[in-house]
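Peer 1: There's a structure below that I have some questions on.
The values are calculated or read from the model by the stated rules, or taken from the named source; none is laboratory data. Small disclaimer: the values here were computed from a predicted structure and weren't measured. Cβ placement follows ideal geometry from the backbone for every residue including glycine, while neighbour counts extend to all protein chains displayed. We work out accessible area using only protein heavy atoms, side chains counted, and drop any ligands, DNA or RNA first. Shrake-Rupley method; radii C 1.70, N 1.55, O 1.52, S 1.80 Å.
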Amino acid sequence: RVRGLRGDVQYWHDLGSALLHVRDEIHAQPLPDMRLIEEGKSRALLPGVAQELYLIGREAVLNALHHAGANSVEIELAYHPRELRLRIRDDGVGMPQHTSSRPGHWGLDGMYERAERLGAHLDVLSRLGAGTEVALRVPAAAAYPRSQRSWGWRVLERLSHLFRASR
């Protein structure tokens, strides 16, 4: 977070790359392979939403790198018209069902609280021996800035362009 205040973390420009670089914070070796999968056309995110998504994703990546004993970690960002999806998957050891309520462990609770503030839905799916998936779905209205022009205006512009092109 301190790095973010100093401007070193560029999650508001490229959330996927910022999450891949979380790996640079870990000094233990060997580290699992990490891969970014992006679906749909990348879209600008509201700055406060980008920060919360980065912090949720960072926590999930750090958990995978520190605790999972994984061989691979996948970060998936899917930009859809109705929602933004962020998923972090690992093929590690999994975790017990009630991890979030253990004394001294606030990571999962914090992730759920951040998701709730965004109006997002967070699922943490894990089975011992089968890895973990953190899946976050954020409604488009909460994730993406509103366009300067209305939907109707954009349709009229397209129709006008098509009409001029057909002449």
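Peer 1: Please work out which residue is farthest from Leu65 (Cα to Cα), limiting yourself to the stretch 14-37 and to residues that are among the charged types (D, E, K, R) and out of contact with any helix residue (DSSP H, G or I) (no Cβ under 9 Å at 6 or more places or on another chain).
Peer 2: The extreme case among them is Asp14.
Peer 1: Of all helices (runs of 4 or more DSSP H) completely enclosed by the stretch 1-104, which ones contain at least 1 residues that are modelled with pLDDT of 90 or more, charged (D, E, K, R) and within 21 Å of Ala140 (Cα to Cα)?
Peer 2: 47-67
Peer 1: Separate question: Can you tell me which residues in the stretch 33-56 are touching a residue at least 60 places away in the same chain (Cβ under 8 Å) and either among the β-branched types (Val, Ile, Thr) or open to solvent by less than 50 Å² (accessible area, probe 1.4 Å) (or both)?
Peer 2: Within the stretch 33-56, Leu45, Val49, Glu52, Leu53, Ile56 meet the criteria.
Peer 1: Right, next: Out of all the residues in the stretch 105-114, which are at pLDDT 80 or above and either at positive phi or not hydrophobic (A, V, I, L, M, F, W, C) (or both)?
Peer 2: Passing the criteria: Asp109, Gly110, Tyr112, Glu113, Arg114.
Peer 1: Quick check on the stretch 70-89. Is at least one of its residues small (Gly, Ala, Ser), under 12 Å from the mean Cα position of the chain (by Cα) and open to solvent by less than 20 Å² (accessible area, probe 1.4 Å)?
Peer 2: Yes, because at least one residue in the stretch 70-89 is small (Gly, Ala, Ser), under 12 Å from the mean Cα position of the chain (by Cα) and open to solvent by less than 20 Å² (accessible area, probe 1.4 Å).
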